[in-house]
1. Suppose we keep only residues that are part of a helix (DSSP H, G or I) and among the small types (Gly, Ala, Ser) within the stretch 264-288. Which one would you say is nearest to Thr427 (Cα to Cα)?
2. I'd like to know if the stretch 176-186 contains one or more residues that are buried (at least 16 other Cβ atoms within 10 Å of the Cβ), in contact with a helix residue (DSSP H, G or I) (Cβ under 8 Å, 6 or more places away or on another chain) and among the β-branched types (Val, Ile, Thr).
3. What pairs can you find where one residue is in the stretch 1-27 and more than 13 Å from Ala123 (Cβ to Cβ) and basic (Lys, Arg), the other is in a loop (DSSP other than H, G, I, E, B) and open to solvent by 40 Å² or more (accessible area, probe 1.4 Å), and their Cβ atoms are less than 9 Å apart, with a gap of 6+ or different chains?
4. Any idea which of Leu89, Leu113, Leu61 is open to solvent by less than 10 Å² (accessible area, probe 1.4 Å) and part of a strand (DSSP E or B)?
5. Looking at (1) crowded, with 22+ Cβ neighbours inside 10 Å; (2) modelled with pLDDT of 95 or more, find the lone condition where Ser147 falls short.
6. Give all pairs with beta carbons closer than 6 Å in which a residue from the stretch 130-142 that is farther than 17 Å from Glu118 by Cα meets a residue that is assigned to a helix (DSSP H, G or I) and open to solvent by 10 Å² or more (accessible area, probe 1.4 Å); count only pairs at least 6 apart in sequence or on separate chains.
7. Here are some residues: Glu29, Glu82, Glu67. Which one is in a helix (DSSP H, G or I), open to solvent by 10 Å² or more (accessible area, probe 1.4 Å) and either at pLDDT 90 or above or not hydrophobic (A, V, I, L, M, F, W, C) (or both)?
8. Among the residues of the stretch 157-175, how many are open to solvent by 80 Å² or more (accessible area, probe 1.4 Å), under 22 Å from Gly99 (Cβ atoms) and among the polar types (S, T, N, Q)?
Amino acid sequence: MNEFILALFDDFHTEKIKYCHFKSNNNLEPALNGVDDLDLLVSQADKDRFMSIIAKRGFRLAHDRGEKPTPFVFHFFGADPETGLLVHLHVYFRLITGGSILKNHWIRVEDMLLSSAEPRGPAGVFIPSAEADLILFVLRKLIEQPSIIEHYLFLKDWKNIETELLWLSRQTSTKKLHELLKIWLPQIETEFFDECLGALTKNSTIAKRVKLGRMMHKRLPFHVCNEFKASILRSISFFSAHARGRLGLLRNNRVVFPGGLLISFVGSEASGKSTCSKQVVKWLSKRFDVTHIHMGKPKKSWRTIPFWLAIGIYSKTKRATATFVKSASTDLNTETLTALNQPHPLVSVLDSYDRKNWIMKHLSHVMSGGVVITDRYPTQAEVGLDGPRILATNKFTTFLSKLEQTNYAVLPPPDLVFKMIAPLDVTLARNSERDNPEPEPFVRARYALAQNLHFPLSKVVEIKTTEPLDSTILLIKRYLWNLPR
């Protein structure tokens, strides 16, 4: 089991936090390994101390953008400093439940679960008695039945439901279960509950489950919103997700406190920036809304496309009519190295417009809470790597240089810049191993320019990429989550 998660529960026990893990306790051990989220019911009397404990462990509040949050229910995420594992706490201060898509019912049995909770789970995690657990399980599943969408999802998840139901039933005393019902839920007759329990089997019909579900609704009258509105919201959410999935537009809309971030990976060719940025995107996108863009190859703006087409036609015509001349010189003098990274001023201006448009297009994503990770980012130095490149040698180039610098000057500084560093010999060796290696003079020139990367308005972290990839990625994760290093 994951040591970071176990240490968190040790903190709860030390501070005598009244809590219990109240869902899917038959699968608690995998959850303690970080495979799934941990569903915790926490006493409202202990909420402040609970929040203090998880904050010290680096947990942050998260929510699904565009969706109304369920009252009393919160998502927290923390990162294990030893493995980089993202741990999800699904925390309830009241039991607002009853559906996979929309939780609309308040089931007032918090005290029943908490008062029966004991360290029965793996590693001494507090879980409710089997009888209390089974009561809540049946109530949750019956509430879902009248909804066509929730009933559909119920049937799709039937195998897991059957497994958990069997696991709970084997540990349950019918007498104790009935006693709990009379104490905590007197409005639910024991005969009615037994009928509901029996309906959660393959031998039951859909019509019977729906009928019992409606009867259960009448016995549990506390709602977040009225049932008609809940049904409409549930349908919109389900069919919207289905349509986005069919169109390939599904993405994670979860954002984490305090909000959006612009993170850039910069460095010379073959320094490891692309590899590391992709690994970090893969890590974060499993849980959060993340976009990965390449600032060295921005999408062409509709404003610049006509000029790029004209340049392309001119270049092809020139190559078709020009005589191929092979240079006999292989000296890498300063002038040659500069020329390799010094395109025509018109190309540099068009690049600056496209880069500005590309990052501005994604800035709204950052402002709405998402994370944007860039491979490369224009330097804020006067002339350098991926930034201003036009040398003002005459009136025309001076004019173009001012345009270029104006475009780069308005770009937002990244919140965090990872400057990837590797020795020149390592960089050249990595480049040679690529499927399409860059010319060595080009790599050398880019390496020289990368030494002067400058981001005065950003937090810059230098990462040496000569260590094993796993160690490098773990170090980056710690910086991202602000963990001890």
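The values are calculated or read from the model by the stated rules, or taken from the named source; none is laboratory data. Keep in mind it's a predicted model, so treat the numbers as computed, not measured. Positions of Cβ are generated from backbone atoms using ideal geometry, with glycine treated the same way; all protein chains shown enter the neighbour counts. Side chains are part of the model used for accessible areas, which takes the heavy atoms of the whole protein and leaves out ligands, DNA and RNA. Shrake-Rupley method; radii C 1.70, N 1.55, O 1.52, S 1.80 Å.
1. Let us first name the residues in the stretch 264-288 that are part of a helix (DSSP H, G or I), namely 273-285.
Those left that are additionally among the small types (Gly, Ala, Ser): 274, 277, 285.
On the way: Ser274: 13, Ser277: 17, Ser285: 29 Å.
Going through the qualifying residues, I end up with Ser274.
2. no
3. Lys18/Phe126
4. Numbers: Leu113 fails: part of a strand (DSSP E or B); Leu61 fails: open to solvent by less than 10 Å² (accessible area, probe 1.4 Å).
Just one listed residue meets the conditions, Leu89.
5. For Ser147, the failing item is (2).
6. Short answer, once both residue conditions are applied: Val138/Leu197.
7. Working: Glu82 fails: in a helix (DSSP H, G or I); Glu67 fails: in a helix (DSSP H, G or I).
So the residue among Glu29, Glu82, Glu67 that is in a helix (DSSP H, G or I), open to solvent by 10 Å² or more (accessible area, probe 1.4 Å) and either at pLDDT 90 or above or not hydrophobic (A, V, I, L, M, F, W, C) (or both) is Glu29.
8. Total satisfying the criteria: 1.
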